[in-house]
Amino acid sequence: MQVGMLMVFQNFEDGDTDQGAWERDIHIGGLAEPLSFDYLSSVEHHFFNYAMCPDNLEYLSYMAARTERIGLLTGAVILPWNDPLRVVEKMITLDHLSRGRALFGIGRGLSRREYAPFGVDMSESRERFDEAAEMIIRGLETGVVEGDGPFYPQKRTEVRPRPYASFKDRFYAVGMSSDSVPVVARLGAKMMTFGTKPWEETLPHFNRYRDLYREYHNTQPPSPVCVDFLFCDESAEFAESMARRHISNYFISVMEHYELANEHFREMKGYGDYADNAELLRDSNMEDAANGFVDINAWGTPRQMLEKLEARFRVLGDYDLCISASYGGLTTEQSEKSLRLFAEEVLPELRSWQTYQFAA
């Protein structure tokens, strides 16, 4: 099992200065390699305190100079907000700076609050994503970017420096909806997903990805990635109280930022799953919904966390894990203590799951 760390750069309810929030997450991200994580990842988000990393490639380039071993994953580059030619140039540059440690992750975006300032129609997101993805994937392999599509017409252009190495086994894509799963599989990407409902209910989602990947590529799919919000403590009671507070805080910020209970998804092409879920959320109790989200994620004592993650393994089969330890108003000290305990007592056993045989 590969285990990574995701940085979100959240300034929850402006409880800190933006400088303080960045200093906190630069510090926490700097622990990824010393604590033996496999890779460090960062979101791309704009304009709001929900997540303040408008250029994850810039952040990861900074971290490339501070690290020697770990992978550096864009989690993710939101393709409709970026020019394909520039994405190819910047990913190849990161790969040279890190000597082949760059991992390329892509997504399509969900927040109309972020789409609007870019002047991009969110209803075009699927077509823009598909067109850009094909151009970028070819460009990363060949060093040549070209396209004749309606959104990103690009005359044949060779980029320099040329590619450091192939990205074929270093390619990830967010697959959160039924609309996205076939695209992720067709592109040959490793699927990343956040928990939105009990993992037992997501098994069809994972199985569809695996089946389509085999169909498209005639080979076994890579392990999907589950992204979790982490809180680990020796005290079960304290771990639960902190998770109920801070993971719930994060859930509230997600609801607000993406307007997940709003009716606008019904009017947008390619967001049918979110429109259906919005209806359910409007009819639900927000406290119950927040607690449900908390229950999905990885928190507890080290032993409790291993039991939860093993139970998930039994349901989903092989998966990789990416955790976020800094979110929802946690302080630097709280995040670091939780992260260190996880790295010392949980991470080593997770690594053994590559060959672990669970008891019947």
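Brief remarks follow.
- Counting the residues of region 115-167 that are closer than 25 Å to TYR271 by Cα, among the polar types (S, T, N, Q) and over 21 Å from the mean Cα position of the chain (by Cα) gives 1.
- Scan region 5-29 for residues that are more than 16 Å from SER338 (Cβ to Cβ), among the small types (Gly, Ala, Ser) and open to solvent by less than 40 Å² (accessible area, probe 1.4 Å) and the total you get is 2.
- Residue match in region 174-196 (condition: modelled with pLDDT under 95 and either closer than 24 Å to SER98 by Cβ or open to solvent by 90 Å² or more (accessible area, probe 1.4 Å) (or both)): yes
- Boolean, LEU94 is among the aliphatic types (A, V, I, L, M) and surrounded by 22 or more Cβ atoms within 10 Å (Cβ to Cβ): yes
- ARG66 under 20 Å from ASP95 (Cβ atoms), open to solvent by 20 Å² or more (accessible area, probe 1.4 Å) and either modelled with pLDDT of 95 or more or of a type in the set (A, V, I, L, M) (or both): yes
- Any hit, region 185-195, residues being assigned to a loop (DSSP other than H, G, I, E, B) and farther than 21 Å from PRO80 by Cα: yes
- Any hit, region 60-81, residues being assigned to a loop (DSSP other than H, G, I, E, B), more than 23 Å from MET1 (Cβ to Cβ) and touching a strand residue (DSSP E or B) at 6+ places or on another chain (Cβ under 9 Å): no
- Tally, over region 344-360, of residues that are at pLDDT 95 or above and in a loop (DSSP other than H, G, I, E, B): 1
- Pick from region 300-348, criterion acidic (Asp, Glu) and farther than 17 Å from LEU40 by Cα, ranking: least open to solvent (accessible area, probe 1.4 Å): GLU310
- Within the option set GLU89, GLU23, GLU44, being part of a loop (DSSP other than H, G, I, E, B), modelled with pLDDT of 95 or more, on the phi < 0 side of the Ramachandran plot and of a type in the set (Asp, Glu) holds for one residue only, GLU44.
- Matching option when the condition is surrounded by 23 or more Cβ atoms within 10 Å (Cβ to Cβ) and either of a type in the set (A, V, I, L, M) or more than 20 Å from the chain's Cα centre (by Cα) (or both), among ALA102, ALA76: ALA102
- Those residues of region 216-232 which are in contact (Cβ under 8 Å) with a residue 12 or more places away in the chain and either of a type outside the set (Ser, Thr, Tyr) or open to solvent by less than 10 Å² (accessible area, probe 1.4 Å) (or both), in sequence order: HIS217, PRO221, PRO222, PRO224, VAL225, CYS226, VAL227, ASP228, PHE229, LEU230, PHE231, CYS232
- Of all the residues in region 79-106, those that are out of contact with any helix residue (DSSP H, G or I) (no Cβ under 8 Å at 6 or more places or on another chain) and either closer than 18 Å to GLU141 by Cβ or without any contact (Cβ under 8 Å) to a residue 40 or more places away in the chain (or both) number 7.
- Residue ID - nearest to THR67 (Cα to Cα), chosen from residues in region 1-20 that are modelled with pLDDT of 95 or more and touching a Leu at 6+ places or on another chain (Cβ under 6 Å): MET5
- Taken over region 312-343, residues that are in a helix (DSSP H, G or I) and either in contact (Cβ under 8 Å) with a residue 40 or more places away in the chain or in contact with a Pro (Cβ under 6 Å, 6 or more places away or on another chain) (or both) amount to 16.
- A single member of LYS168, LYS155 is outside any helix (DSSP H, G or I), free of Cβ contacts under 8 Å to residues at least 40 places away in the same chain and farther than 27 Å from PHE194 by Cβ, and it is LYS155.
- Selected residue (criterion: modelled with the highest pLDDT) from residues of region 250-283 that are touching a Gly at 6+ places or on another chain (Cβ under 9 Å) and open to solvent by 30 Å² or more (accessible area, probe 1.4 Å): ILE252
The values are calculated or read from the model by the stated rules, or taken from the named source; none is laboratory data. Note that the structure is a prediction, hence the values are computed from the model and not measured. Cβ: placed from backbone, ideal geometry, glycine included. Neighbour counts: every protein chain shown. These area figures cover heavy atoms from the full protein model, side chains too; ligands, DNA and RNA do not enter into them. Shrake-Rupley method; radii C 1.70, N 1.55, O 1.52, S 1.80 Å.
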